[in-house]
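Undergrad: Below you'll find the structure I mean.
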Amino acid sequence: MERKPGTFIRNRRLRRFPALRAMLQETRLALQDLICPLFVVQGQGIRKAIPHLPEVFLFSPDELLKEAVTLHEKGIQAVLLFGRSEQKDEAGSDAWNPRGAVQEAVRVLKRELPTLFVFTDVCLCAYTTSGHCGVVRGQYIDNDRTLEHLARVALSHCEAGADGIAPSDMMDGHILALREALDQAGFQETPIMAYSAKFASSLYEPFREAVDSTPLFGDRSSYQLPPANLREALREAQTDLLEGADILMVKPALPYLDVLRAFRERFLVPLAAFQVSGEYAMVKYASLNGAIDEKKVALELLLSIKRAGADLIISYFAPKMPEWLREE
Ligand SMILES: [Zn+2]
């Protein structure tokens with residue numbers, strides 16, 4: 001019996017001509033996809049380099065404004081603010097200080113740059129002496145007491161003028177608690193971007209140095225997701241949606257593209273992905289040592305995050321993207 005030969009198909013036809021290749025590109029990065037993370041500390045005239053995050057700085061609110069003006073003029077539409085506190089206590093009360101660094105920065109940004117969308121990170125880990133994301137009882141994080149504190153933080157950000165809040169604490173019931181607190185205070189139009197699938201990753205180290213939030217004891221495994229668990233991530237996402245989340249986030253991005261894809265296939269809400277400090281540092285240090293090309297690798301990684309299903313990407317590369325996309 002004669003074996004039937006395979007059919008010869010010329011897929012390369014569509015890749016031959018550069019213009020056609022460009023026309024057929026399925027996924028594109030745009031400045032509107034990006035959210036730029038920014039670090040803020042109380043004070044004036046501070047623009048301090050962060051160890052292990054090359055070209056990322058810790059700003060006082062006045063310097064942060066200068067940076068944001070430059071970013072917004074170049075086309076960046078949104079920022080996500082993280083605070084660093086020099087007044088830590090057990091409760092993390094500096095997190096809801098109306099004169100705190102984040103609250104001050106939000107007021108300045110919204111006064112001077114009303115068209116810039118300002119998200120704020122809502123958590124306690126940069127403000128508690130324990131370095132944990134919640135209130136500690138013994139060696140355990142007290143979930144329900146933490147919720148009361150988080151609600152105060154979120155309200156203080158909204159009262160300062162924040163356009164959207166992003167709770168990163170991974171406590172149970174947090175989206176519901178914040179939604180109710182915001183609604184009761186008249187902020188029913190303020191969206192919540194939930195860090196739904198925040199994995200207990202080893203890629204957060206440079207960030208923890210930046211905001212001084214390394215836990216004093218133990219780790220965050222009793223509240224953040226185990227890296228091996230996709231179904232558990234889906235359950236977190238489902239829970240956050242039921243509680244009222246407007247945008248779901250996956251964090252980190254690159255090691256969890258399968259989670260992002262699974263979210264995209266199941267949920268209709270917008271998705272964000274956080275390319276975290278360790279992901280950024282890996283590219284920076286490899287390129288500083290001449291092993292890879294920073295721009296090419298960063299663009300490929302960001303494109304892969306978008307292709308996997310992200311509508312929004314939080315990335316430390318955001319300040320470079322206006323120039324990089326123009327050159328493309
Ligand atoms: Zn935290």
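Undergrad: Which of these, S196, S85, S221, has the largest mean-square fluctuation under a Gaussian network model of the chain (Cα springs below 10 Å)?
TA: For the chain, modelled as a Gaussian network with Cα springs under 10 Å, the answer is S221.
Undergrad: In terms of solvent-accessible area of protein heavy atoms at a 1.4 angstrom probe, what is the ranking of R107, R15, highest value first?
TA: Largest to smallest exposure gives the sequence R15, R107.
Undergrad: While we're looking at this one, here's another question. Quick one: Kirkwood hydrodynamic radius for the stretch 193-328, alpha-carbon pairs, angstrom, one decimal?
TA: 15.7
Undergrad: Still on this structure, please answer the following. Please get the size of the charge dipole for the stretch 29-327, origin at its Cα centre, with Cβ charges of +1 on Lys and Arg and -1 on Asp and Glu, quoted in debye to the nearest 20.
TA: 500
Undergrad: Could I ask something else about it? Suppose R0 equals 30 Å; then what is the FRET efficiency for D142 and S202 from their Cβ-Cβ distance, rounded to the nearest 0.05?
TA: Working from the Cβ atoms, E equals 0.70.
Undergrad: What residues from the stretch 285-328 fall in the zone where the backbone N is under 16 Å from a label point 7 Å along the Cα-to-C-beta line of R21?
TA: Only 296-297, 300, 328 pass the distance filter.
Undergrad: How large, in percent, is the carbon and sulfur part of the accessible surface of the chain at a probe radius of 1.4 Å?
TA: 51
Undergrad: Only helical DSSP H runs with n ≥ 4 go in: add -39500 (n - 2.57) per run for the chain, normalise by residue count and round the 222 nm mean residue ellipticity to 500 deg cm²/dmol.
TA: Mean residue ellipticity at 222 nm (helix-derived): -11500 deg cm²/dmol.
Undergrad: In a Gaussian network model over the chain where Cα atoms closer than 10 Å are linked, find which of A19, A126, A286 has the largest mean-square fluctuation.
TA: A19
Undergrad: May I ask for the distance between the Cα centers of the stretch 164-196 and the stretch 1-28, given as a whole number of Å?
TA: The two parts, judged by their Cα centres, are 47 Å apart.
Undergrad: Would you give the gap between the C-alpha center of the stretch 274-315 and the C-alpha center of the stretch 116-142, rounded to a whole Å?
TA: If you average the Cα positions of each part, the centres end up 27 Å apart.
Undergrad: Evaluate 2.2 N^0.38 Å with N set to the residue count of the chain, then give the Cα radius of gyration divided by it.
TA: Ratio of Cα Rg to 2.2 N^0.38 Å: 1.05.
Undergrad: In whole angstrom, how far apart do the alpha carbon centroids of the stretch 199-249 and the stretch 84-105 sit?
TA: Using only Cα atoms, the two centres lie 22 Å from each other.
Undergrad: Which of the chymotrypsin sites (Phe, Trp or Tyr not before Pro) across the stretch 2-109 are loop residues per DSSP, with 14 or fewer other Cβ within 10 Å?
TA: Counting only loop positions with at most 14 other Cβ atoms within 10 Å, the chymotrypsin sites (Phe, Trp or Tyr not before Pro) in the stretch 2-109 are F8.
Undergrad: Follow-up. Hey, can you find the accessible area per residue of the stretch 29-327 for me, probe 1.4 Å, expressed in square angstrom?
TA: Here the per-residue accessible area is 41 Å².
Undergrad: What are the extents of the Cα atoms of the stretch 195-240 along their three principal axes, listed from largest to smallest and rounded to whole Å?
TA: The Cα atoms of the stretch 195-240 stretch 31, 18, 15 Å along their principal axes.
Undergrad: Quick check on the chain: of the DSSP beta bridges with both residues there, what percent are antiparallel, nearest 5%?
TA: The antiparallel fraction comes to roughly 20 percent.
Undergrad: I would also like to ask the following. Starting from the alpha-carbon convex hull of the stretch 1-121, give the projected area averaged over all orientations, in nm².
TA: Average of the hull's projected areas for the stretch 1-121 equals 15.2 nm².
Undergrad: Can you compute the modelled spin-label distance between E189 and L303, with each label point 7 Å from Cα toward Cβ, in nm?
TA: 3.9
Undergrad: On full extension of the chain, what length is gained from R261 through K296, given 0.36 nm per residue of separation minus the C-alpha to C-alpha distance?
TA: 10.3 nm
Undergrad: Take E55 and R111, extend 7 Å from each Cα along the Cα→Cβ direction, and tell me the distance between the two endpoints in nm.
TA: Computed distance between label sites E55 and R111 equals 3.2 nm.
Undergrad: Taking every alpha carbon pair in the stretch 273-328, what does the distance histogram look like in 5 angstrom bins from 0, in percent?
TA: Final binned percentages: 4, 19, 30, 28, 15, 3, 0.
Undergrad: Can you compute the modelled spin-label distance between V269 and R12, with each label point 7 Å from Cα toward Cβ, in nm?
TA: 4.7
Undergrad: From the residues A308, L268, G83, which one has its Cα farthest along the dipole of the chain in the positive direction, the dipole being from +1 and -1 charges on Cβ of Lys/Arg and Asp/Glu about the Cα centre?
TA: My answer, from the dipole projection, is A308.
Undergrad: Does the stretch 45-113 come out rounded, prolate or oblate, given a ≥ b ≥ c as the square roots of the eigenvalues of its C-alpha gyration tensor, rounded meaning a/c under 1.5 and, failing that, prolate meaning a/b above b/c?
TA: Taking the square roots of the gyration eigenvalues as a ≥ b ≥ c, the stretch 45-113 is oblate.
Undergrad: Please report the accessible area of H72 (heavy atoms, 1.4 Å probe, ligands and nucleic acids excluded) in Å², nearest 10.
TA: Result for H72: roughly 40 Å² accessible.
The values are calculated or read from the model by the stated rules, or taken from the named source; none is laboratory data. Owing to the predicted nature of the structure, the values given are computational and were not obtained by experimental measurement. Cβ: placed from backbone, ideal geometry, glycine included. Neighbour counts: every protein chain shown. Note: accessible area is taken over every heavy atom of the protein model, side chains too, but ligands, DNA and RNA are not part of it. Shrake-Rupley method; radii C 1.70, N 1.55, O 1.52, S 1.80 Å.
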